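In what follows, a single structure is set out as structure tokens and then discussed.
Coordinate-derived values only; no laboratory data. In this text the structure is predicted, and so the values were computed from the model without any measurement. Cβ placement follows ideal geometry from the backbone for every residue including glycine, while neighbour counts extend to all protein chains displayed.
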Amino acid sequence: MARWIPLWLHKLGSPPTFYRFAGALRPWMLALALLFGLIGLYGGLVLAPPDYQQGDAYRIIFIHVPSAWMSMFIYAVMGVAAFIALVWRIKLAEVVAMESAPIGAAFTFITLVTGSLWGKPMWGTWWTWDARLTSELVLLFLYLGVIGLYHAFEDRRQGARAAAFLAIIGIINVPIVHFSVNWWNTLHQGSTVNLFGPSKIAWDMLWPLLSMTLATKFYYAASLFRRVRTDLLALEGGKDWVRKIAESEART
Amino acid sequence: MNPPGLVTACAAMLRRDLTLAWRRRGDIAMPVLYALIVTMLFPFALGPEDTLLQRIAGGVVLVTVLLAMLLALDAMFSSDIEDGSLEQLVLAPQPLALMLGMKILAHWITTALPLIVIAPLLAGMLHLPGAVLPVLLLALLLATPVLSLLGAVLVALTAGTRRSGMLLALMLLPLCVPAVIFAAGAVAAAQQGLPWQAPLAWLAAALVLAVVLAPLACAAALRIALDA
């Protein structure tokens with residue numbers, strides 16, 4: 001009965017099938033991202049009460065926290081896809097890993113920018129060499145290294161494999177960076193950014209946050225699907241299925 | 001004809017690389033000169049106040065050595081790729097990881113060791129207290145092999161590309177952050193009279209891990225990069 005699931009997954013790994021699958025799913029993902037984003041922003045910016053201490057400035061978390069979660073999540077997705085690409089040499093996994101990197105870098109950048117915008121009124125400084133901030137900055141450089149290495153090769157598939165290897169090395173490094181910086185921080189001075197533990201936030205503020213989290217997830221899926229579709233067309237340029245798509249588009 | 005044993009092959013590899021480096025002695029002096037010049041610029045830029053220079057001396061020496069090593073890193077495999085001897089090494093019956101380990105060792109001896117020898121002079125230029133010097137040297141002895149090993153993996157990854165200098169810096173710097181933090185932490189602790197053994201122990205642990213894993217990763221990366 002359940003035999004069609006592995007079969008379907010194998011089929012999904014082939015570029016033409018994934019091209020059609022991603023094309024069919026992308027508008028829905030984008031619509032869901034917009035829907036949850038609008039609900040989350042309305043709930044966060046209008047409905048949620050101001051914080052008793054920070055006033056309205058805390059509302060930046062509705063952008064900042066989902067972006068921070070996405071910066072980690074996308075690196076994990078990229079690492080898993082890179083592992084699959086290196087072990088089983090699946091072309092689609094290479095494309096997914098390489099096209100995740102710019103989106104992840106963008107979310108990391110948004111996290112850093114919104115964080116420093118919030119830090120200026122709250123901490124009185126744009127930037128401090130705190131463990132969280134530093135590890136997030138290192139994450140951005142890891143993303144940039146992967147992107148740079150991918151584009152340094154003339155052969156795209158070879159570049160993708162080399163960059164996938166770098167992404168996997170980076171995954172090992174992320175916890176090391178985190179703990180070493182924590183340790184270094186206790187030597188000098190301790191400062192914790194963790195204001196909102198899971199149980200320390202009011203429901204009025206939590207549900208817009210969760211809605212925004214869903215919105216960023218769906219946006220990532222939509223953006224990834226579009227990038228992967230474009231990349232597949234470029235990579236498979238000489239193949240029959242791409243020619244058919246080009247011919248049908250030329251006719252209309 | 002039997003292939004030579006592992007020890008013979010390793011010794012031959014090491015001797016070959018060291019001989020090649022010795023024939024081009026000028027290249028060995030370059031990172032040392034670079035480190036001297038960079039260290040010299042700090043008193044000019046910051047002013048010759050003893051207290052300020054003393055406070056930053058440990059960190060400046062560490063970062064200078066790191067940058068000098070980064071400059072030399074690019075050349076680790078480049079001549080071997082140009083004349084095709086790296087492909088021969090990949091095809092050789094001996095395990096590639098071990099041979100690359102020997103190449104990394106030779107590279108460390110020719111670039112990092114001169115920098116460590118010159119480090120007391122660099123520290124003296126910035127008035128680092130004499131009591132801290134042994135800790136700084138120990139930290140350098142533990143941190144530079146980690147940088148060489150990590151750098152070798154990344155150099156192997158970029159082996160198939162044309163220009164890799166800035167790219168190498170972009171890839172290496174986030175990966176070497178832990179080594180820099182621990183080394184600088186040990187020096188800073190020694191300078192403040194605090195116990196400095198713990199960061200050095202972490203550094204040694206990282207070195208052990210890198211000695212075991214980095215040659216294997218380097219071999220895998222080289223196979224990817226040469227797989228055109």
Review point. For the protein assembly as shown, what value does the Rg/Rh ratio take when both radii are computed over Cα atoms and Rh is the Kirkwood radius, given to two decimals?
Key: 1.02
Review point. How many nm is it between the label spots at A:Ala234 and A:Met72, if each spot is 7 Å from the Cα in line with the beta carbon?
Key: 3.2 nm
Review point. To the nearest whole number, what is the average tally of beta carbon atoms from other chains within 10 Å of the beta carbons of peptide B:143-156?
Key: 1
Point to revise | Among B:Ala72, B:Ala189, B:Ala92, residue whose mean-square fluctuation peaks in a GNM of chain B (springs only between Cα atoms under 10 Å) | key: B:Ala92
**Study point:** In sequence order, calculated HN-Hα J values of segment A:153-161 (Karplus, 6.51, -1.76, 1.60; Hz; x Gly/Pro)
**Key:** 8, 7, 7, 5, 5, 5, x, 5, 5
Review point. FRET efficiency for A:Ser14 and B:Leu67, Cβ-Cβ distance as r, R0 = 51 Å, nearest 0.05?
Key: 0.60
Exercise for review: Could you tell me which helices of chain B pass both thresholds, a Cα extent of 24 Å or more along their own axis and a mean Kyte-Doolittle hydropathy of at least 0.0, with helices taken as whole DSSP H runs?
Suggested key: B:6-23, B:25-46, B:50-73, B:133-157, B:197-225
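How high is the relative contact order of chain A? Use alpha-carbon pairs under 8 Å, at least six apart in sequence, and give a whole percent. Spell out each step's value before the answer.
Values: 254 pairs, mean separation 84.1, N = 252.
Normalised by residue count, the contact order of chain A is 33 percent.
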Check your understanding: Once you put a point 7 Å from the Cα of A:Arg243 and another 7 Å from the Cα of B:Val211, both along the Cβ direction, what distance in nm separates them?
Key -> 5.9 nm
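Tell me, A:Asp204, B:Asp80, A:Asp51 in order of fewest to most beta-carbon neighbours within 10 Å?
Working: A:Asp204 12, B:Asp80 18, A:Asp51 15.
Ascending number of Cβ neighbours within 10 Å: A:Asp204, A:Asp51, B:Asp80.
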Exercise for review: Based on alpha-carbon positions alone, could you give the equivalent ellipsoid semi-axes of chain A from the gyration tensor, as √(5λ), descending, whole Å?
Suggested key: 37, 24, 15
Revision key, fill the gap. Here the alpha-carbon Rg of segment B:1-40 over 2.2 N^0.38 Å rounds to 1.83
Revision key, fill the gap. Footprinting proxy, A:His151, A:His10, A:His64: sorted fewest to most Cβ within 10 Å, the residues are A:His10, A:His151, A:His64
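Given a Förster distance of 22 angstrom, what is the FRET efficiency for A:Thr125 paired with B:Leu173, based on the Cβ-Cβ distance and rounded to 0.05? Could you put the intermediate results ahead of the total?
Details: r = 23 Å, r/R0 = 1.06.
Efficiency for this residue pair is about 0.40.
Sorting A:Glu99, B:Glu82 on the 10 Å Cβ count, fewest up front, what's the list? Before the final figure, lay out the partial values.
On the way: A:Glu99 23, B:Glu82 9.
Fewest-to-most ranking of A:Glu99, B:Glu82: B:Glu82, A:Glu99.
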Review point. Counting alpha carbon pairs within less than 8 Å and at least 6 residues apart, what relative contact order, in whole percent, applies to chain B?
Key: 26 percent
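Give me the Kirkwood hydrodynamic radius of chain B, using the inverse of the mean 1/r over all pairs of distinct Cα atoms, in Å to one decimal.
Working: mean 1/r = 0.0542 Å⁻¹.
So the Kirkwood estimate lands at 18.5 Å.
Which of the residue pairs A:Lys11/A:Lys217; A:Lys217/A:Lys239; A:Lys11/A:Lys239 have a Cα-Cα distance greater than 29 Å in the structure shown?
Numbers: A:Lys11/A:Lys217 24 Å; A:Lys217/A:Lys239 32 Å; A:Lys11/A:Lys239 17 Å.
Correct reply: A:Lys217/A:Lys239.
Computed FRET efficiency, Cβ-Cβ of B:Leu18 and B:Arg223, R0 30 Å: what is it to the nearest 0.05?
Numbers: r = 25 Å, r/R0 = 0.85.
With R0 = 30 Å, the Cβ-Cβ based efficiency is 0.75.
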